[in-house]
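Trainee: Got a structure for you, written out below as structure tokens; questions coming shortly.
The values are calculated or read from the model by the stated rules, or taken from the named source; none is laboratory data. Because the structure is predicted, anything quoted here is derived from the model rather than measured. For neighbour counting, all protein chains shown are included, and Cβ atoms are generated from backbone atoms with ideal geometry for every residue, glycine included.
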Amino acid sequence: MLSREDNERITRVGPGTPMGEMLRELWTPACRSEALEVDGAPERVRLLGENFVAFRATDGRLGFLNEGCPHRCASLALARNEENGLRCIFHGWKFNVDGVCVDAPTEPADKREAFAAKVPVKSYPVREAGGMVWVYLGRREAPPPFYDFEFHTPPAESLLRCAVVHGNWLQGVEGQLDSAHLNFLHSTSAPSRGTAVRSMIQDGSEPRFEFIDTEYGFREAALRDLPDGSVYARIREVVAPYYSFIPGADGQPRFVVVIVPIDDEWSAHWYYYLNPFGPVPDWYRNTALDRSGPDDNDFAADRGSVSTIWNQDRDAMKKGHWSGLMQNFVYEDFIVEESMGPIADRSQEYLGSSDSVITRFRKFLFEALKNHARGELPFGLGSDVDYSAIRALAIRYPGNEDWRDIDLFDPPDYAFQDIDAAE
Ligand code: FES
Ligand SMILES: [Fe+2]
């Protein structure tokens, strides 16, 4: 439970808010790279409660500007994208990717150049990686070093999908942190397939959790002792403020969930599905991703809303489906998030022991806010974090070893994927 004031502090993301200012310190996933074609339509992007346009100029470079034209605020999403710049359709002023006004044709010809040079245009540094355009919206002269996450160079057959959810970003992130819901919310819907490991796990055994605190968040292992003396570990990583690296199991691809605040009440849930051992398996596409909507930029748009109680199927529940939310397991997450209201009121919560990860994470965020107010970069951004070494993995290892010693990028022979491959 939080006070109302604290709930506001960690949820609200607009300019000038403590969390909003801190999140602007990060390179932020903004839109899909392929949405931007050379001289193509600019993409309207809403992030952290502000509106922008992204575009790819004639020479292939990317521009990222405030949406409103600096002249009289017409949307530059309507602009012509031509000859290395966006030309506003209202009066023809033109802006290049560096955020310079290069033409203002409504001004007298002899003064035009000097006038244009003084027009203040807000533009932002951008990068491209992992199929995404990333933007730095912060105030510092130099952005922090760019991330080099594993999913920045994904296997060719990885998938990237997005769902737009009517809920504050933090309730999405907290849903990812919360392992206790797996055996309830997803008990019918979670994709699964019989494996050697599954049959070794004793029925009903609950995992024990162990953590390593990191500068950027934490690494967590859910550990189960197997009858043969080995240990089955599901190791995941949480990178503050909104990245969750989740291991595959039973031959599933592992995935990375990135929950980016669109504004206080809406969030973009980006899902990377990665299979380092081959293509994303057909059975996974056909079961786990089945019954999603067709739009990869908003694949859960057909989930319904509170007015229809998200089309919950009570007959199916009577027949054994746990949630009655019939599309697939990620829809269940989105719907539960939305059901809390646009900004969950954490002053009304009553937390139990299974919520300790959430409590830890909130403390971590408050600590970061405190340090940020003193001028520090949050989440280890000011130090030498090796983001490329972050990975989630499901693995079986001998009981006399420690999961903390396992190299996730060079796992030993008893790595879980070998068990799968042998099937
Ligand atoms: S509003 Fe854009 S040129 Fe006038
Ligand atoms: Fe979930």
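Trainee: Mind listing whichever residues of the range 130-144 are touching a residue at least 24 places away in the same chain (Cβ under 8 Å) and among the small types (G, A, S)?
Mentor: G130, G131, G138
Trainee: Still on this structure: With the structure loaded, tell me whether D110 is loosely packed, with under 14 Cβ neighbours inside 10 Å and in contact with a strand residue (DSSP E or B) (Cβ under 8 Å, 6 or more places away or on another chain) or whether it fails that test.
Mentor: no
Trainee: How about the range 266-350: which helices (runs of 4 or more DSSP H) wholly inside it have at least 3 residues that are under 18 Å from the mean Cα position of the chain (by Cα) and among the aliphatic types (A, V, I, L, M)?
Mentor: Answer list for the range 266-350: 329-339.
Trainee: Read through the list (1) surrounded by fewer than 21 Cβ atoms within 10 Å (Cβ to Cβ); (2) of a type in the set (A, V, I, L, M, F, W, C); (3) more than 8 Å from ligand 1 (Cβ to nearest atom), then give the number of the only condition that A74 fails.
Mentor: (3)
Trainee: Quick one: which residue in A104, A109, A129 is over 25 Å from G382 (Cβ atoms) and either away from ligand 1 (no atom under 16 Å from the Cβ) or among the polar types (S, T, N, Q) (or both)?
Mentor: After applying the criteria, what remains is A109.
Trainee: So how many residues does the range 78-97 have that are outside any loop (DSSP other than H, G, I, E, B) and within 12 Å of ligand 1 (Cβ to nearest atom)?
Mentor: Residues meeting the conditions: 6.
Trainee: Only one of (1) within 15 Å of ligand 1 (Cβ to nearest atom); (2) polar (S, T, N, Q); (3) buried (at least 21 other Cβ atoms within 10 Å of the Cβ) is not met by T28, so which one is it?
Mentor: Unmet condition: (1).
Trainee: I've got another one for you. Against the conditions (1) modelled with pLDDT of 95 or more; (2) farther than 24 Å from R303 by Cβ, where does V164 fall short? Just the number, please.
Mentor: It is condition (2) that V164 fails.
Trainee: Could you check R139 against (1) over 30 Å from T17 (Cβ atoms); (2) at pLDDT below 95 and say which number it fails?
Mentor: The one condition R139 does not meet is (1).
Trainee: Then there is this: Just to verify a result, which residue in the range 133-162, among those that are out of contact with any helix residue (DSSP H, G or I) (no Cβ under 6 Å at 6 or more places or on another chain) and in a strand (DSSP E or B), is surrounded by the most Cβ atoms within 10 Å (Cβ to Cβ)?
Mentor: Of everything passing the filter in the range 133-162, V135 is surrounded by the most Cβ atoms within 10 Å (Cβ to Cβ).
Trainee: Any residue at all in the range 98-115 that is of a type outside the set (A, V, I, L, M, F, W, C) and assigned to a strand (DSSP E or B)?
Mentor: Within the range 98-115, one or more residues are of a type outside the set (A, V, I, L, M, F, W, C) and assigned to a strand (DSSP E or B).
Trainee: In addition: Hey, could you check the range 61-71 for residues that are within 26 Å of the chain's Cα centre (by Cα) and in a loop (DSSP other than H, G, I, E, B) and say which is farthest from ligand 1 (Cβ to nearest atom)?
Mentor: R61
Trainee: Something else about it: On the given criteria, is F146 in contact with a Lys or Arg (Cβ under 6 Å, 6 or more places away or on another chain) and outside the structural domain of G320 (by TED's automatic domain parsing)?
Mentor: yes
Trainee: Out of the residues in the range 323-355 that are within 15 Å of ligand 2 (Cβ to nearest atom) and exposed (fewer than 15 other Cβ atoms within 10 Å of the Cβ), state the one that is nearest to W310 (Cα to Cα).
Mentor: S339
Trainee: I would also like to ask the following. Being part of a helix (DSSP H, G or I) and of a type in the set (D, E) is the filter here; which residues of the range 356-395 pass it?
Mentor: E367
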